[in-house]
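Q: A single structure is presented below for examination.
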Amino acid sequence: MLILSPGATTLEQLETVYRQGVGVRLSDDCRAPVEAAQAIVARAAAGGVAVYGVNTGFGKLASVKIAPGDTARLQRNLILSHCCGVGEALDVATTRLMMVLKLLSLGRGASGVRWTVIAAIEALLARGVTPVVPSQGSVGASGDLAPLAHMTAVLIGEGEAWLEGQRISGAQALERAGIAPIVLGPKEGLALINGTQFSTALALVGLFDAWRLARAALVTGCLSTDAIMGSTAPLQPAIHSLRGHRGQIEVAATMRALMDGSVIRDSHREGDTRVQDPYCIRCQPQVLGAAVDLLRFAATTLETEANAVTDNPLVTAEGIYSGGNFHAEPVAFAADIIALALAEIGAIAQRRVALMVDPTLSHDLPPFLTPAPGLNSGYMIAEVTTAALMSENKHLATPCSTDSTPTSANQEDHVSMAAHGARRLQRMVANLAGILGVEALCAAQGIEYRAPLTTAPRLDSVVGAIRSQVPPLAEDRYLAPEIERAAQMVRQDALADAAELAFAL
């Protein structure tokens, strides 16, 4: 069980939630402010003054006053009417992360919900009840309305949920798990569906996976450099300190450490007729370092957003205020930034693959890394696959945040598009993992062709890890499962682990 403090939860804790599926509850310290805010809402609901979201309609219907006896029905209707999502269901791990983010937002004590609501979400997490949340239907303002409505529907005994691998009705899931459905009080439905938690969860998952891939790219880039007998002179510290970018400096330092002790490198320090390597080798610190800096910038934004209160209206000691914290523009920007980093890591990695299979550029490696070219095609089409994946990611990296369309009778006339901006990151992650997986296979093959010369000890451990999953390519065979295994090694951080890589977000 992980105990989280709203306003102070870290990315490391959130990644643990995502990857390990742990139970979560909020720190007891947040209960008093939650209950204080709820008392303010209760007084407003009992009064005669119209307060948006408490005793009025929503959006364009905010001018409609709701009678005190209808406030519970108002909140229930809000949830049911907003369950309009379509498309594939969000995976369980990301849905649970979204639920935790909603807990963190409610736990700040500015949403006006009862502690009962928080306890109900905690119970779903603890007992393995995961709402079925369609992945399409949000434009990222006024919050992720449709996805969060599907999450909330299960709390009131509606919708659908996953439980023990079965997709069943929300009512059945609650009954089997021994959880009573809740009746929503004033503002509670609105507090649950207003907010950026769907978009933020998807963006966080994209960030967590992108960082693993950046770590893998550090390793595969070093393997490729040794495979083509590239120079380490461009890694000299003075070059990078003169420019000053943190990511570039750290990538160069890490590459120097990974390649330390390479006999292959030492063998061509003297007498090499090549003056400079192509940019995909020489400029790795500049490109991957810039991507690392982008990912860190996005991480700062998303950690802030994960701890933010993003529903509306907000409850303070001074009163109940209607604002726009539900607008997910920061998340949309972060998702676009992550997409740019993924695309560029893949673009330069693909060029390294192309370098290794081209006998005119690979410094005497056999064509397409096969010992019998002509009879065998080797990694010829594997390289073509990386080109396809690279190009697809370039298209997917087109910004989503620059798009907007008016909705809800022009009341919500500028929206962020953060939801699909973040959702597309998983497709990009899969594509980049494929590129890096192929690079790992080609680089391992290339390094083995340099025998009896050997690579650096840490890189040799990586080659060993690759060979534990995929044997050398002596003659043509069915490659698709091997590419998938290599891509999985990338996604599981196995290459970085084999290299004993310490490179943290």
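The values are calculated or read from the model by the stated rules, or taken from the named source; none is laboratory data. What you see is a predicted model, and the numbers here were worked out from it, not measured in a lab. Heads up, the Cβs are rebuilt from the backbone with ideal geometry, glycines too, and the neighbour counts pull from every protein chain shown. Protein only, heavy atoms only, side chains kept; ligands, DNA and RNA dropped before computing areas. Shrake-Rupley method; radii C 1.70, N 1.55, O 1.52, S 1.80 Å.
Q: Do you know which of the residues in the stretch 389-425 that are of a type in the set (Gly, Ala, Ser) and over 20 Å from Ala298 (Cα atoms) is surrounded by the most Cβ atoms within 10 Å (Cβ to Cβ)?
A: The extreme case among them is Ser404.
Q: A follow-up question, please. When the residues of the stretch 24-53 are filtered to those that are closer than 26 Å to Leu124 by Cα and touching a strand residue (DSSP E or B) at 6+ places or on another chain (Cβ under 7 Å), which remaining residue is surrounded by the fewest Cβ atoms within 10 Å (Cβ to Cβ)?
A: Result: Ser27.
Q: Among Asp260, Asp266, which is the only one that is modelled with pLDDT under 95, closer than 23 Å to Pro457 by Cβ, open to solvent by 70 Å² or more (accessible area, probe 1.4 Å) and not hydroxyl-bearing (Ser, Thr, Tyr)? Spell out how you get there, then give the answer.
A: Working: Asp260 fails: modelled with pLDDT under 95.
None of the others qualify; the one that does is Asp266.
Q: Of these, Leu61, Leu26, which one is touching a Gly at 6+ places or on another chain (Cβ under 6 Å) and over 17 Å from Ala201 (Cα atoms)? Lay out the reasoning, then the answer.
A: On the way: Leu61 fails: touching a Gly at 6+ places or on another chain (Cβ under 6 Å).
Answer to the check: Leu26.
Q: Oh, and also: Working only within the stretch 307-338, note down all residues that are under 19 Å from the mean Cα position of the chain (by Cα) and among the polar types (S, T, N, Q).
A: Asn307
Q: Same structure again: List the pairs whose first member sits in the stretch 41-55 and is among the hydroxyl-bearing types (Ser, Thr, Tyr), whose second member is modelled with pLDDT under 85, and whose Cβ atoms are under 9 Å apart, counting only residues at least 6 apart or on separate chains?
A: Short answer, once both residue conditions are applied: Tyr52/Phe58; Tyr52/Ala62.
Q: Going through Thr316, Thr360 one at a time, which residue ends up being surrounded by fewer than 24 Cβ atoms within 10 Å (Cβ to Cβ), without any contact (Cβ under 8 Å) to a residue 60 or more places away in the chain and not aliphatic (A, V, I, L, M)?
A: Going through Thr316, Thr360 in turn, just one is surrounded by fewer than 24 Cβ atoms within 10 Å (Cβ to Cβ), without any contact (Cβ under 8 Å) to a residue 60 or more places away in the chain and not aliphatic (A, V, I, L, M): Thr360.
Q: Go through (1) modelled with pLDDT of 95 or more; (2) crowded, with 18+ Cβ neighbours inside 10 Å; (3) not basic (Lys, Arg) for Gly185 and report which single condition fails.
A: Among (1) modelled with pLDDT of 95 or more; (2) crowded, with 18+ Cβ neighbours inside 10 Å; (3) not basic (Lys, Arg), Gly185 violates only (1).
Q: Take the stretch 77-113 and flag every residue that is within 20 Å of Trp162 (Cβ to Cβ), open to solvent by 10 Å² or more (accessible area, probe 1.4 Å) and basic (Lys, Arg).
A: Arg96
Q: Of the residues in the stretch 382-414, how many are farther than 27 Å from Leu425 by Cβ and of a type in the set (A, V, I, L, M)?
A: Count: 1.
Q: Among the numbered conditions (1) of a type in the set (D, E, K, R); (2) outside any helix (DSSP H, G or I); (3) within 20 Å of Ala216 (Cβ to Cβ), tell me where Asp364 comes up short.
A: Result: Asp364 fails condition (3) only.
Q: Within the stretch 311-333, can you find the residues that are over 15 Å from Val34 (Cα atoms), of a type outside the set (Phe, Trp, Tyr) and not in a loop (DSSP other than H, G, I, E, B)?
A: Scanning the stretch 311-333 gives Glu329, Pro330, Val331, Ala332.
Q: Just a yes or no: is a residue in the stretch 159-166 farther than 11 Å from Leu192 by Cα, open to solvent by 40 Å² or more (accessible area, probe 1.4 Å) and part of a helix (DSSP H, G or I)?
A: no
Q: From Thr454, Thr385, Thr398, which residue is more than 25 Å from Trp211 (Cβ to Cβ) and β-branched (Val, Ile, Thr)?
A: So the residue among Thr454, Thr385, Thr398 that is more than 25 Å from Trp211 (Cβ to Cβ) and β-branched (Val, Ile, Thr) is Thr454.
Q: Tell me which residues, restricted to the stretch 437-463, are in a helix (DSSP H, G or I) and under 20 Å from Thr254 (Cβ atoms).
A: Scanning the stretch 437-463 gives Glu439, Ala440, Ala443, Ala444, Ile447, Pro457, Arg458, Leu459, Asp460, Ser461, Val462, Val463.
Q: Looking only at the stretch 272-287, filter to residues that are in a loop (DSSP other than H, G, I, E, B) and either farther than 20 Å from Ala451 by Cβ or in contact with a Lys or Arg (Cβ under 6 Å, 6 or more places away or on another chain) (or both); which one of those is least open to solvent (accessible area, probe 1.4 Å)?
A: Per the stated criteria, the residue is Asp277.
Q: Could I ask something else about it? Give, as residue ranges, the helices (runs of 4 or more DSSP H) completely inside the stretch 167-267 that count at least 1 residues that are out of contact with any helix residue (DSSP H, G or I) (no Cβ under 9 Å at 6 or more places or on another chain).
A: The qualifying helices (runs of 4 or more DSSP H) are 170-177, 237-243, 263-267.
Q: Going residue by residue through the stretch 291-299, is there one that turns out to be within 27 Å of Asp358 (Cβ to Cβ) and either touching a Gly at 6+ places or on another chain (Cβ under 7 Å) or open to solvent by less than 60 Å² (accessible area, probe 1.4 Å) (or both)?
A: There is at least one residue in the stretch 291-299 that is within 27 Å of Asp358 (Cβ to Cβ) and either touching a Gly at 6+ places or on another chain (Cβ under 7 Å) or open to solvent by less than 60 Å² (accessible area, probe 1.4 Å) (or both).
Q: Among the numbered criteria (1) in a helix (DSSP H, G or I); (2) in contact (Cβ under 8 Å) with a residue 60 or more places away in the chain, which single criterion is violated by Pro6?
A: Going through (1) in a helix (DSSP H, G or I); (2) in contact (Cβ under 8 Å) with a residue 60 or more places away in the chain one by one, Pro6 breaks only (1).
Q: Let me ask another. Which members of the stretch 426-458 meet the condition of being within 30 Å of Leu340 (Cα to Cα), open to solvent by 10 Å² or more (accessible area, probe 1.4 Å) and of a type in the set (D, E, K, R)?
A: Residues satisfying the conditions are Arg427, Arg458.
Q: Which is under 29 Å from Ala161 (Cβ atoms), aliphatic (A, V, I, L, M), over 29 Å from the mean Cα position of the chain (by Cα) and open to solvent by less than 70 Å² (accessible area, probe 1.4 Å), of Leu74, Leu2?
A: Only one candidate qualifies: Leu74.
Q: A further question follows. Considering only residues that are under 15 Å from Cys84 (Cα atoms), surrounded by fewer than 24 Cβ atoms within 10 Å (Cβ to Cβ) and in contact (Cβ under 8 Å) with a residue 60 or more places away in the chain, which ones fall in the stretch 114-136?
A: Of everything in the stretch 114-136, those that are under 15 Å from Cys84 (Cα atoms), surrounded by fewer than 24 Cβ atoms within 10 Å (Cβ to Cβ) and in contact (Cβ under 8 Å) with a residue 60 or more places away in the chain turn out to be Ser135, Gln136.
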